[in-house]
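All remarks here apply to the structure that follows.
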Amino acid sequence: MRSLLDRFLYAGSRQFRDYESTILDALGENLPKAWESVLASQRRQLDLIQRVADNKMVTIFFRKESPTLFPNVDDEFRLAVVTGHGARSFRCTVVVHHGRLSSLEFSMPPKTLSGITIEEVNVEIHPVVVGMTGGDGSSEPADALRVLAASLPLEDIQLAADSPNLFGLGSAIPSDLEALLKKVSGFRVKEWTFLGASPQSVVWEDATYYIFVEGETSGLCLREGESEPTVFRYDEMGDEVTSAGTSFVDALEELVGKQ
């Protein structure tokens, strides 16, 4: 009865169509195990699916108790882009909102996909998800990126293509910064930009500093010649550089402010 009322009042259903299920099946196969489990759980727990804009926008609703949530996802972001090939090709963006599967957004009216065999599906996972696991899909976490993604609103994450070469830096590097550099070459967080393995070199008061996080008036850097890993915070307004501790992650969280 509830399903019939939903379909009558909201033009919705509680079942994914075949091509939608194909997309979600392919997505699950490409997610880390923990995320794959959450996706499967949410597919069982959903209450209503609505399709608008000629079925190009498929919106998923959860009306009962909160479903099992995707970890470390506090806002809306693109979980993946799925590309399908067959008699017709299409792109579908899978969106998560506050840890819940939110929508499937098609590049073309998917009614043309009904009855068409999808021969190949390619899945492009969001870099944050990739960064939380090993690059080969293993379950080994990249701790620095995982911690930052959980506490700060990272944007425009760029995965590192090669291992960073910092041998000429002339300063001890904090272990969490070194781990982060192996995974990402850059990202933005609010007004600050993480420069990855291409820090800017500047001279203040006869000392050379390497800026890894740059903002309008403040940021984080390392000082040349330091034998112990130490992060420094610079403040152009106060025209000063102060020690921010030995952890790059802690220093960045302190600089930006936890969400």
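The values are calculated or read from the model by the stated rules, or taken from the named source; none is laboratory data. All values derive from a computational prediction rather than experimental measurement. No Cβ is skipped: glycine too gets one built from the backbone with ideal geometry, and neighbour counts run over all protein chains shown.
Of note:
- Meeting the requirement of 1 or more residues that are outside the structural domain of Ala149 (by TED's automatic domain parsing) and not aromatic (Phe, Trp, Tyr), no strands (runs of 3 or more DSSP E) wholly within the stretch 166-244 can be named.
- Any pair with Cβ under 7 angstrom, 6 or more apart, that starts in the stretch 77-103 at a residue that is in contact (Cβ under 8 Å) with a residue 12 or more places away in the chain and ends at one that is of a type in the set (Phe, Trp, Tyr) and surrounded by fewer than 17 Cβ atoms within 10 Å (Cβ to Cβ): Arg100/Phe62
- Qualifying residue in the stretch 190-213 (condition: touching a strand residue (DSSP E or B) at 6+ places or on another chain (Cβ under 7 Å) and of a type in the set (Lys, Arg)): no
- Candidates are the residues of the stretch 67-94 that are out of contact with any His (no Cβ under 8 Å at 6 or more places or on another chain) and within 21 Å of Leu148 (Cα to Cα); the one that is modelled with the lowest pLDDT is Asn72.
- Some residue of the stretch 140-147 being surrounded by 17 or more Cβ atoms within 10 Å (Cβ to Cβ), modelled with pLDDT of 70 or more and part of a strand (DSSP E or B): no
- Applying the condition of being among the small types (Gly, Ala, Ser), within 27 Å of the chain's Cα centre (by Cα) and closer than 17 Å to Ile173 by Cβ to the stretch 202-244 and asking which residue is surrounded by the fewest Cβ atoms within 10 Å (Cβ to Cβ) yields Ala244.
- Single residue of the stretch 16-30 satisfying the filter (charged (D, E, K, R) and part of a helix (DSSP H, G or I)) that is farthest from the chain's Cα centre (by Cα): Asp18
- Single match in Glu214, Glu178, Glu205 (criterion: modelled with pLDDT under 90 and closer than 21 Å to Ala160 by Cα): Glu178
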